[in-house]
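Visitor: Once you've had a glance at the structure underneath, I'll fire off some questions.
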């Protein structure tokens, strides 16, 4: 079963620039099924992965950027006010959004790199909580979109209680079943392994339910091997067997032009076949598919 949102062009428009903001960028997101207010804590593109499907070209480096949390606060207030007041929907970029999607679903820490690398990431989360609550919108979720390499680090551990009790979610990337595929697709820095990622996800999933995000693709024209998909499914089972809670599995493929030309999208039926394997293995876990 697909979980596609209406086929409207702005669901593919995830540009990081909105007005004069440095960090905040509203987008209409397929997975949010509405407005997601993005917070880019990595304008310097700092990341622990260099995924082959990423649209960010990491061969072009940017200088270190100090994140001004007071500015993050100001920009979040602006974006939320513009959405609540209706001013946002008068902008050309958002004017065609259907009424059903003109709702603020979440504040999402995402952007041009790995958001949890920020040494005071917990303070950034607290800023989002304060702005959201000041605007009297406790229904708006806090979403952390992460490659899971930093979930064991102090700045994330400090943030977890806030996320757990303030309508927060961890959306953890898990793109591989084997170490070889992990290294080939995600290009992690040398000290990170698939085992490390799985241990981090499992530890957090014991504290609060996690959403698993997985991107499957063609690489040099080749489909994912059956053995690789089976190993991936077994990794999900392992998280559950170890006491982790998986709230949802999002199975998707390439939707925007990647920096690496050898990477291309799977066909709908190919993605559905993988999603069905996940459903068969984890009968109590919802699975959503997002096509190219």
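The values are calculated or read from the model by the stated rules, or taken from the named source; none is laboratory data. Quick caveat: nothing in here was measured; it's all calculated off a predicted structure. No Cβ is skipped: glycine too gets one built from the backbone with ideal geometry, and neighbour counts run over all protein chains shown.
Visitor: Let me spell it out: the conditions are (1) within 28 Å of residue 216 (Cα to Cα); (2) touching a helix residue (DSSP H, G or I) at 6+ places or on another chain (Cβ under 6 Å); (3) not in a strand (DSSP E or B), and residue 113 meets all of them except one. Which number is the exception?
Guide: The single condition residue 113 does not satisfy is (2).
Visitor: Considering only residues of the stretch 104-113 that are modelled with pLDDT of 95 or more and surrounded by fewer than 23 Cβ atoms within 10 Å (Cβ to Cβ), which is nearest to residue 143 (Cα to Cα)?
Guide: 105
Visitor: Test residue 285 against the stated conditions and say whether it is more than 27 Å from residue 16 (Cα to Cα), in contact with a strand residue (DSSP E or B) (Cβ under 6 Å, 6 or more places away or on another chain), free of Cβ contacts under 8 Å to residues at least 60 places away in the same chain and not in a helix (DSSP H, G or I).
Guide: Here the answer is yes, as residue 285 does meet what is asked.
Visitor: Restricting attention to the stretch 184-211, and to residues there that are in contact with a helix residue (DSSP H, G or I) (Cβ under 8 Å, 6 or more places away or on another chain) and part of a helix (DSSP H, G or I), which single residue is surrounded by the fewest Cβ atoms within 10 Å (Cβ to Cβ)? Talk me through it step by step, then tell me what you get.
Guide: Going residue by residue through the stretch 184-211, those that are in contact with a helix residue (DSSP H, G or I) (Cβ under 8 Å, 6 or more places away or on another chain) are 188, 193-195, 197-198, 201-202, 204-205, 207-208, 210.
Going one step further and asking which of them are part of a helix (DSSP H, G or I), we end up with 194-195, 197-198, 201-202, 204-205.
Details: 194: 21, 195: 11, 197: 24, 198: 21, 201: 26, 202: 21, 204: 26, 205: 23.
Here the residue is 195.
Visitor: Among the residues that make up the stretch 194-211, is at least one of them at pLDDT 95 or above, more than 30 Å from residue 166 (Cβ to Cβ) and more than 21 Å from the chain's Cα centre (by Cα)?
Guide: So far as the stretch 194-211 goes, no, none of its residues is at pLDDT 95 or above, more than 30 Å from residue 166 (Cβ to Cβ) and more than 21 Å from the chain's Cα centre (by Cα).
Visitor: Which one is farthest from residue 185 (Cα to Cα) among residues in the stretch 246-267 that are free of Cβ contacts under 8 Å to residues at least 40 places away in the same chain and outside any strand (DSSP E or B)?
Guide: If we take residues in the stretch 246-267 being free of Cβ contacts under 8 Å to residues at least 40 places away in the same chain and outside any strand (DSSP E or B), then 267 is farthest from residue 185 (Cα to Cα).
Visitor: Does residue 144 count as part of a helix (DSSP H, G or I), closer than 30 Å to residue 206 by Cα and either in contact (Cβ under 8 Å) with a residue 40 or more places away in the chain or within 17 Å of the chain's Cα centre (by Cα) (or both)?
Guide: Judged against the criteria, residue 144 is not a match.
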